[in-house]
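Here's the structure, in structure tokens; my notes come after.
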Amino acid sequence: MVHFTCDLCGKDLTASADSRFVVKIEVSAAFDPNQIREDDLDDDPMEAVAELLQRDADLSSEDLAAHAPKGFRFDLCPTCRCKFVKDPLGREFVKLFDFSQN
Ligand SMILES: [Zn+2]
């Protein structure tokens, strides 16, 4: 039997599948860094491809990883689901710990 716990409060949700909520978040670049735009083709197409390859070569593996889509999946109990939908990005929480204004 698959065991489920709330990823926020740790409550055991295994026996209450009807009150378990799943949060799926995917973060991906709003642009495709490998896409060749029409602007790129105005000049020499081979030059554009060469530039693209050079750009990829200049990116470190960390840069590439930063652009790769990243997915998250969380199980939540009904109580934590309510908290999550009110503030999905945790902005209130971030404000509490934002000391940069001091
Ligand atoms: Zn919970």
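None of the figures in this text is laboratory data; all of them are computed from the coordinates on show. Not measured: the values here are computed from a predicted model. Please note: Cβ atoms are built from the backbone with ideal geometry, for glycine as well, and neighbour counts cover all protein chains shown.
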- Roughly what would the spin-label model give for LYS95 and MET46, points 7 Å off Cα along C-beta, in nm? 5.9 nm
- Query: Can you list the lysines whose alpha carbon is less than 23 Å from that of LYS24, not counting same-chain residues fewer than 8 positions off?
  - Reply: LYS11, LYS70, LYS83, LYS86
- If amide H atoms are built 1.01 Å from N in the plane of the peptide, which residues on other chains or at least 5 residues away come under 5 Å of the amide H of PHE4? LEU13, THR14
- Can you give the extra length, in nm with one decimal, that the chain gains between THR79 and VAL2 once fully stretched, where that is 0.36 nm per residue apart less the Cα-Cα distance? 25.6 nm
- Segment ALA30-GLU62, extension gain: residue separation times 0.36 nm, minus the distance between their alpha carbons: 9.7 nm
